[in-house]
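All remarks here apply to the structure that follows.
The values are calculated or read from the model by the stated rules, or taken from the named source; none is laboratory data. Being a predicted model, the structure only gives us computed values, none of them experimental. When we count neighbours, we look across all protein chains shown, and the Cβ atoms used for this are built from the backbone with ideal geometry, even at glycine. Note: accessible area is taken over every heavy atom of the protein model, side chains too, but ligands, DNA and RNA are not part of it. Shrake-Rupley method; radii C 1.70, N 1.55, O 1.52, S 1.80 Å.
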Amino acid sequence: MDSMTHAFNSESLQRMLDGKAFIKGTSKGLIDSAIQEQRILNTIRYKENRSRYQFQNFLNGKLLDKTKNESDLDSVGTECGCILDGDTLKIGMGIWIFGGFTFSIKIVDNKFTSNYWLDEHKRKIFKLNSGDTLTDNILIPFADQKLILDSIPTYKSGQQLTGFLSYKTVNYLRASDFEDWSIKDEYSNKNMDVMYTKGIIHFTCKVRQMLQRDKE
């Protein structure tokens, strides 16, 4: 994964330097800015910016059985990023391919907040509260959380941070007629299952300044 990502970023930079990545008429300012960002991306290595998760999902108070695919995996791994935004350190990780999840951690003055975002891509099955309308994605706060870092954040680019987050979400609601293998146009909001998720995350990432692409 590290070598594949590095090769892709290097190829992208070379296409920019050769002018092949830009359409005719692109301003010099935009070209210079894009090249500068790509040079920074070339320094980001997967082996220094990665995370691994273990999940447990509970439905109406009972632990959900894993699917066949999930049971074949001990845990799930994705990229991780540590971005410095002013006086705030933003740590983000997850995966999205027509649905997915992300975890985000914000650290300010050595105090942190974190949450869990879950997306079912057009399958409107979630509510955070009973009075809400069904949605296909939901931002879920944590009821319990604990963050351990290997060192105190310096809030400076280049610091390598390795950490461990354990968490339990607040209860959220999912349509009772949802079936993971099924795709329907509409789901009923009359009967809702009570869900919560708990788990642990191991991550490591190298702190860098925020880029324009991080704001989009």
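Summary of computed values
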quantity: Condition broken by Ile23, with the remaining ones in (1) over 20 Å from Gln159 (Cα atoms); (2) hydrophobic (A, V, I, L, M, F, W, C); (3) surrounded by 13 or more Cβ atoms within 10 Å (Cβ to Cβ) satisfied; calculated: (3)
quantity: Residue in segment 3-22 that is among the hydrophobic types (A, V, I, L, M, F, W, C), within 30 Å of Thr169 (Cβ to Cβ) and within 21 Å of the chain's Cα centre (by Cα) present; calculated: no
quantity: Condition met for Arg39 (surrounded by 13 or more Cβ atoms within 10 Å (Cβ to Cβ), touching a Ser or Thr at 6+ places or on another chain (Cβ under 9 Å) and at negative phi); calculated: no
quantity: Single residue of segment 42-68 satisfying the filter (open to solvent by 40 Å² or more (accessible area, probe 1.4 Å) and polar (S, T, N, Q)) that is farthest from Glu11 (Cα to Cα); calculated: Asn60
